[in-house]
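Written below as structure tokens is the structure these notes are about.
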Amino acid sequence: VAHFSIQSNLKGKKILITGGPTYESIDPVRFIGNHSSGKTGVILADECANRGAAVTLVLGPSIHSPLNPAVNVIRVTTAADMFKVVQANWSDSSIGIFSAAVADYRPANMAIEKIKKKSDEMSIDLVKNPDILAWAGTQKTSKQYLVGFALETNNEIENARGKLDRKNLDLLVLNSLRDKNAGFGYDTNKVTFIKPNNILINFELKQKSLMAKDILNEIETDFTA
Ligand code: CTP
Ligand code: CA
């Protein structure tokens, strides 16, 4: 359903969104991944496009796609691929909304052949992936607005505040797993917005599409460039 909001200050603005999981290959048939469905990134992309923004969605492996044909979807597999696309697009974007569940580590070496079963125990050496959001934070100018996500299981607010500061964000959307109908795989989320100057805004459990509207309303209010 189109939402033709002529008065949206996001109209014509370039918005860069990341979404979905990343898959990091172990060998030709196996990978390290996570349960992210990509729904949040896809819904955010649609909401931005419906408000007239020029949206690029960098999307990891997901069965979902935006409904709005105006969204430029760039599909990627690994964190390294996602990082390359973000590096090429962040400087001329006005707003970044990074919702991808990026794998923190990848196998140090991908085996060329399928790994055979041998001893009772085995391990895989991993190396850290680049933090894509943190990189965007280091490059951010005063005219850009950057949004990150966090999912915490303990010391939620404290950990989330740390991420807001460390990654130089304007808004951090903290996902609460406290509610049994919230988080991965569900269509509903319970979130808290965390902003600089100790600002906290709590929301009720709601559909992801309505959460996307809350996020975009917040950005519309803050974004003045
Ligand atoms: N993120 C990213 N690149 C990474 C890791 C995370 O862009 N390599 C982004 C996510 O898209 C999200 C935010 O950083 O917007 C927070 O991700 P999260 O996994 O909660 O934080 P981490 O910094 O990875 O810390 P940890 O997993 O140890 O809590
Ligand atoms: Ca992480």
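The values are calculated or read from the model by the stated rules, or taken from the named source; none is laboratory data. Keep in mind the model is a prediction, meaning the values are calculated, not measured. When we count neighbours, we look across all protein chains shown, and the Cβ atoms used for this are built from the backbone with ideal geometry, even at glycine.
Applying the selection to the range 85-112, what residues are more than 27 Å from N217 (Cα to Cα) and touching a strand residue (DSSP E or B) at 6+ places or on another chain (Cβ under 7 Å)?
A103, D104, Y105, R106, P107, A108, M110, A111, listed by residue number.
Among the listed residues F193, F223, F203, which satisfies the condition of being touching a strand residue (DSSP E or B) at 6+ places or on another chain (Cβ under 6 Å) and under 18 Å from A45 (Cα atoms)? Steps first, please.
Values: F193 fails: under 18 Å from A45 (Cα atoms); F203 fails: under 18 Å from A45 (Cα atoms).
After ruling out the rest, the residue left standing is F223.
List the number of the failed condition for K190; all other conditions in (1) surrounded by 15 or more Cβ atoms within 10 Å (Cβ to Cβ); (2) closer than 30 Å to I26 by Cα; (3) free of Cβ contacts under 8 Å to residues at least 24 places away in the same chain hold.
Among (1) surrounded by 15 or more Cβ atoms within 10 Å (Cβ to Cβ); (2) closer than 30 Å to I26 by Cα; (3) free of Cβ contacts under 8 Å to residues at least 24 places away in the same chain, the lone unmet condition for K190 is (2).
Which numbered condition trips up L151, out of (1) within 9 Å of ligand 1 (Cβ to nearest atom); (2) within 15 Å of the chain's Cα centre (by Cα); (3) modelled with pLDDT of 95 or more?
(3)
Of everything in the range 89-107 that's of a type in the set (S, T, Y) and touching a helix residue (DSSP H, G or I) at 6+ places or on another chain (Cβ under 8 Å), which residue is farthest from ligand 1 (Cβ to nearest atom)?
The extreme case among them is S91.
Taking the stated definitions as given, is D46 over 13 Å from the mean Cα position of the chain (by Cα) and touching a residue at least 60 places away in the same chain (Cβ under 8 Å)?
So D46 passes the test.
Filter the range 125-184 down to the residues that are assigned to a helix (DSSP H, G or I) and within 12 Å of ligand 2 (Cβ to nearest atom) and list them by number.
Those that are assigned to a helix (DSSP H, G or I) and within 12 Å of ligand 2 (Cβ to nearest atom): I132, L133, A134, N159, K163.
Residue-by-condition table, conditions (1) at pLDDT below 95; (2) farther than 18 Å from R166 by Cα; (3) among the hydrophobic types (A, V, I, L, M, F, W, C):
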| residue | (1), (2), (3) |
| --- | --- |
| T56 | no, yes, no |
| S99 | no, no, no |
| P107 | no, yes, no |
| E113 | no, yes, no |
| I124 | no, yes, yes |
| V127 | no, yes, yes |
| L133 | no, no, yes |
| K143 | no, yes, no |
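Can you tell me which residues in the range 78-119 are part of a loop (DSSP other than H, G, I, E, B), more than 16 Å from ligand 2 (Cβ to nearest atom) and surrounded by 17 or more Cβ atoms within 10 Å (Cβ to Cβ)? Break it down into steps so the answer makes sense when it comes.
Pass one, the range 78-119, residues part of a loop (DSSP other than H, G, I, E, B): 78, 90-94, 99-100, 102-104, 108-119.
Imposing the further condition that a residue be more than 16 Å from ligand 2 (Cβ to nearest atom) reduces the set to 90-94, 108-119.
Result: W90, S93, S94.
Hey, can you tell me all the residues within the range 185-205 that are modelled with pLDDT of 95 or more and not in a loop (DSSP other than H, G, I, E, B)?
The answer is V191, T192, F193, I194, K195, I199, L200, I201, N202.
Can you spot a residue in the range 65-77 that is crowded, with 23+ Cβ neighbours inside 10 Å, touching a strand residue (DSSP E or B) at 6+ places or on another chain (Cβ under 9 Å) and assigned to a strand (DSSP E or B)?
No, that holds for no residue.
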